[in-house]
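Asker: Quick one: the structure is below, and I'll ask about it shortly.
The values are calculated or read from the model by the stated rules, or taken from the named source; none is laboratory data. All of these numbers come straight from a predicted model, not from anything done at the bench. Neighbour counts are summed over all protein chains in view; Cβ atoms, including those assigned to glycine, are modelled from backbone coordinates with ideal geometry.
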Amino acid sequence: MILRAIIIDDEQKGIETLSLLIDMYVKDVKVVASCTSAIESIELIESYRPEIIFLDVNMPELNGFELLEKITWKDFNLIFVTAHQEYALRAIKNNAIDYLLKPVDYDDLQNAVERIKMQLNTTEQPNKYNYNELLGVMKQTQKQTIVINTRFGIESIDTDDIFALESQSNYTKIHLVDMRTVVSSKTLKDFETQLCLAESNFMRVHHSFIINLKRVSKYLKNSENIVLTNDQQIPLSKSKKDNFIRWLNI
């Protein structure tokens, strides 16, 4: 039996690399479609209804978990693909869903597909993944708020609603998704200590800026600017460039 697969990754390079590995090292799996847009992939999944989906975790329009929420047909075997050993992986592992770390190792790829084949060939009723449970765990894991003092009082902000934090002397201006900016009496260094942890979505990319990596749209090499999904351009400093490029996985 040939298993049909779809690859969803916002980077074409990632799709091409994984397709090549599947073609070279994985038997009985055929990549029937691929997509760099998480939104466009919804229709693709509903149309092809593949046996396997390779899904990138970190994408600018929708992340892998948000995409799972939006699709109605979920009768497939899922393999997450990610460049980051982050908190998300704990929830994935707890729900017995396979994941591959970029750059993808062909042995790991083979093993993940073999586990799917064994599951499909079992005489017992296959155990379908509980996607609703996974999404619930992810929402709890991802949910984080910060409490800040402003000149108007105390405000609790969901970190997912932050585009960037900008240093303004001894204050910090917080750019939010509702087009508001909130000024906190904390310094950017204070927020770096709080937000830029090893397993967070925030990174200091300049002496004046911390960005929400989930809001990154593109990187402009010529100007050394990071463009966020609200079209705000953030300068990338030389001292922070290596860390950001590692996150991009290019």
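Asker: Report the residue count in the stretch 2-14 for those that are more than 8 Å from THR36 (Cα to Cα) and either of a type outside the set (Lys, Arg) or without any contact (Cβ under 8 Å) to a residue 60 or more places away in the chain (or both).
Answerer: 7
Asker: Mind listing whichever residues of the stretch 173-221 are touching a Leu at 6+ places or on another chain (Cβ under 9 Å), farther than 25 Å from ASN58 by Cβ and crowded, with 17+ Cβ neighbours inside 10 Å?
Answerer: Within the stretch 173-221, VAL182, SER184 meet the criteria.
For (1) of a type in the set (S, T, N, Q); (2) touching a strand residue (DSSP E or B) at 6+ places or on another chain (Cβ under 9 Å); (3) closer than 18 Å to GLY64 by Cα, each residue gets a yes or a no:
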residue: MET1; (1), (2), (3): no, no, no
residue: GLU11; (1), (2), (3): no, yes, yes
residue: ASP28; (1), (2), (3): no, yes, no
residue: ALA33; (1), (2), (3): no, yes, yes
residue: ILE39; (1), (2), (3): no, no, yes
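Asker: Which residue pairs have Cβ atoms closer than 8 Å, lie 6 or more positions apart in sequence or on different chains, and pair a first residue in the stretch 99-123 that is farther than 13 Å from ILE79 by Cα with a second residue that is among the β-branched types (Val, Ile, Thr) and modelled with pLDDT of 90 or more?
Answerer: Qualifying pairs under 8 Å: PRO103/THR17.
Asker: Restricting to the stretch 15-54, name every residue that is free of Cβ contacts under 8 Å to residues at least 40 places away in the same chain and of a type in the set (D, E, K, R).
Answerer: Correct list: GLU16, ASP23, LYS27, LYS30, GLU40, GLU43, GLU46, ARG49.
Asker: So, one more: Residues in the stretch 25-41: is at least one more than 16 Å from PRO103 (Cβ to Cβ), touching a Pro at 6+ places or on another chain (Cβ under 8 Å), of a type in the set (A, V, I, L, M) and surrounded by fewer than 19 Cβ atoms within 10 Å (Cβ to Cβ)?
Answerer: Checking the stretch 25-41: at least one residue is more than 16 Å from PRO103 (Cβ to Cβ), touching a Pro at 6+ places or on another chain (Cβ under 8 Å), of a type in the set (A, V, I, L, M) and surrounded by fewer than 19 Cβ atoms within 10 Å (Cβ to Cβ).
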